[in-house]
Structures are given as C-alpha cells and as structure tokens.
Amino acid sequence: MYNSKIIGLGKYVPENVVTNDDLKEWMETSDEWIQERTGIKERRWIDPKTSDDTTSIMGAKAAKIAIERAGLTKDDIDFIVFATLSPDMYFPGGGVKVQELLEMDTIGALDVRNQCSGFIYGLSVADQFIKTGMYKNVLVIGSENHSGGLERSTRGRNVTVIFGDGAGAVVLSREEDNTKGILSTHLHSEGKYAKELALEGPSTGRWVDAIMEENDPDDVSYYPYMNGQFVFKHAVVRFSEAIMEGLKANNLSKEAIDMLIPHQANLRISQFIQKKFDLSDDQVYNNIMRYGNTTAASIPIALTEAWEDGKIEEGDIVVLAAFGSGFTWGSAIIKW
Ligand code: UT7
C-alpha cells in the first residue's frame, strides 16, 4: 500500500470583485449585517460581460497551476476528480471539460457531488485510487460558479450574499513513505436533512415543464434554499466531530494540529471551532472575508493560499474539515 501526498496546489478566482455595498444594487442588505453575521467583506462573481469563465474553465485554470507547481505536465496525470454543485451543464459533469481544456489524453474523469464537502470527498476518492496503486497522479479540483444561479433580490438575500465563485486544485501523488501525506479521511452523510440546504429544481423530481406549467411567481425552487440557523447548528457540531474523529484515528491530540483549514462557510463557525480546539489565529486559515463561501472550491483555495503564504511547512499536521448540503461532512488529516 502506498500513501498519497499533495505535491502541487493552484487556485483561480474571477477578477470581478463584488463588495457588500455593491449587493445593494439588487437587494436590501448592509455591509454591517453581512460582516457581523458571516465575516464576508467581498466575493468574486464572474462578470459574463467581461469574462468567459465557467466552472470548468476556472477549474482548468487552477489545475494548470497545480500541475506546473507539482513539476509535472498534463500527460503525467492519470485521473481527474472534479467536485462542484454548479457544473456548466446539468450533464455531463465538469471533469470531462477539464480533460478537454487541458488537452489531456483520454484519462478518466469523475464528478463528485457533495457540495461543501465535495473537495474532501474528492480527496478521499483520489487517495484510495493511489493507495491501491491504480493511479500515480490524480488531479482533484473544486470549482463553483454560484453567481450564475443565485436569486439577486431581497427574497434571496440570506443565501445570495454568502456565496462566491472560484476554483482550487491539487495534484495528489504516490508517496512511498506511509507516515507522510494523507493519513486518513473521514466521510459522513445524513440525507434526512437534504432539503435544509438544497436546490430542488430543475431536477427529475421537479422538471422544467412542471415549473413552467405552474408559473407560480412565488416558486423559487430553482434557486438554492438554506435553513441558515438549522444548518449553522449542525455545522458546528459536525465540524468538531469530524476533526476529533480524524485526530483519534491517528492517535493525535488537538495540540498536534499545526494548521486547520476549515471549509469557509461562515467566519463565526471557524471561530467557534478555533476556540473549541484551543487554536491560535495562526493555526486556522480563513479567507471568507475576501471570497465568501465558494463551496467545493473553498478548501483548495484556502489551502493554496495558506501554502503560498508559507503557513504550511514540511512535517506539519494539516487538518481539513467541511460540512454542508446533504447533509454531508468530513475531515482529512495530512502530514505535510
Ligand atoms: O457552506 C454550507 C454550510 N452553510 C453554513 O454553514 C451556513 C450556516 N448559516 C449561517 O451562516 C447563517 O444562518 C446565515 C449567515 C445564513 C444567516 O444568519 P442568521 O443570523 O442565521 O440570520 P437569519 O437567517 O436568522 O436572519 C435574521 C434576520 C432576518 O430578519 P428578521 O426576520 O429578524 O426581521 C432576515 O430577514 O436578518 C435578515 N436577513 C438579512 N438582512 C440583511 C437575512 N439575510 C439578510 C441580509 N441582509 N443579507
């Protein structure tokens, strides 16, 4: 059995910055409300007038950087795992488009649909492929174009102000030393809460015809819905559990954590977890202030930035943790 190790990281965010004040163009909100409840100051939203970016294109841009930094070429990649809730098309998923955009050989491409936990699920899948020896280098991408599908009105404000666009990617590679790299991943789900954070239609359960036929102006099932406080309460519990589970599986205490990269859902959630695990400001990386919640992209973007800033060093214990729609949640414990 091999281990797997992250050997290259990259991120891409659209150029267009949307501040909290900019949102007032579409809805009743305030910079004060958004910062106080979420910590967000601004986010990136693709501007279709000036940019061709899509979920797949952003993913491919981040992936290109990760491959270069790994010291590899696209031809060294054996498999693509692509995590998103906002693919360019209903089907096929975004992974195949990355294969095309990066002009890769006809390697396999798998889409992961686990929303905010998507990157950790994707990392876990890639880790298993490498552990068994099936693949040597796997590209894991998280990318989201939220801005194209949010309700830009006061009715949708509790969801719309939170989400941003962007992509992050890593190259996961075979590691012969099994005390290094990804030590373990832990994945969970609780489908009974699927509707607490969801976009219901269009889907086979609520197809376009039905939505059009009803022509109900109050039907916004084609916009994301979130029961914010309910999700928040579950998030703080599940984040903690997933981190504890990962530490326990590796006989590590909370003092062993050098860097925690939490999914960037809400700065208040990150701060709660930081306190719970007695971590200093330097031991938790947050960038939700600048990007909002980028769902599957949030962990790889934050991980890339923490690494670029020199906050992660060889030998560090790095913990990734996420919670979101599904509900799904999970953690990854990495020895860098
Ligand atoms: O990444 C996936 C996981 N997601 C999460 O973990 C998110 C978890 N939830 C949250 O982060 C928070 O619940 C939110 C940030 C989404 C909302 O914060 P909240 O403190 O739970 O606010 P609320 O939804 O209970 O709304 C409080 C008030 C309401 O007004 P009334 O009824 O008290 O008069 C809302 O209408 O704030 C109002 N409100 C807003 N006001 C200004 C909701 N959204 C906005 C807004 N601007 N954008």
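The values are calculated or read from the model by the stated rules, or taken from the named source; none is laboratory data. Predicted model only: the values in this text are computed from it and were never measured. In this analysis, Cβ positions are derived from the backbone assuming ideal geometry, glycine residues included, and neighbour counts consider all displayed protein chains.
Check the stretch 31-50 and report whether any residue there is under 24 Å from residue 6 (Cβ atoms), of a type in the set (Ser, Thr, Tyr) and within 16 Å of the ligand (Cβ to nearest atom).
Scanning the stretch 31-50 turns up no residue that is under 24 Å from residue 6 (Cβ atoms), of a type in the set (Ser, Thr, Tyr) and within 16 Å of the ligand (Cβ to nearest atom).
What are the residues in the stretch 272-281 that are polar (S, T, N, Q) and either within 9 Å of the ligand (Cβ to nearest atom) or surrounded by 17 or more Cβ atoms within 10 Å (Cβ to Cβ) (or both), if any? Break it down stepwise before answering.
So the first thing to find is which residues in the stretch 272-281 are polar (S, T, N, Q), and the list is 274, 280.
The one that is polar (S, T, N, Q) and either within 9 Å of the ligand (Cβ to nearest atom) or surrounded by 17 or more Cβ atoms within 10 Å (Cβ to Cβ) (or both): 274.
Can you pull out every residue in the stretch 1-45 that is of a type outside the set (S, T, N, Q), more than 20 Å from residue 286 (Cβ to Cβ) and out of contact with any strand residue (DSSP E or B) (no Cβ under 6 Å at 6 or more places or on another chain)?
Answer for the stretch 1-45, where residues must be of a type outside the set (S, T, N, Q), more than 20 Å from residue 286 (Cβ to Cβ) and out of contact with any strand residue (DSSP E or B) (no Cβ under 6 Å at 6 or more places or on another chain): 1, 15, 21, 22, 23, 24, 25, 26, 27, 28.
Name the residue that is farthest from residue 70 (Cα to Cα), counting only residues in the stretch 103-147 that are of a type in the set (D, E, K, R) and in a loop (DSSP other than H, G, I, E, B).
Top of the filtered list is 113.
Counting only residues that are crowded, with 22+ Cβ neighbours inside 10 Å and more than 16 Å from the ligand (Cβ to nearest atom), how many does the stretch 146-200 have?
Final tally of qualifying residues: 9.
Suppose we keep only residues that are over 19 Å from residue 159 (Cβ atoms) and not charged (D, E, K, R) within the stretch 15-30. Which one would you say is farthest from the ligand (Cβ to nearest atom)?
That would be 16.
Test residue 60 against the criterion of being at pLDDT 95 or above, crowded, with 24+ Cβ neighbours inside 10 Å and touching a helix residue (DSSP H, G or I) at 6+ places or on another chain (Cβ under 6 Å), and give yes or no.
yes
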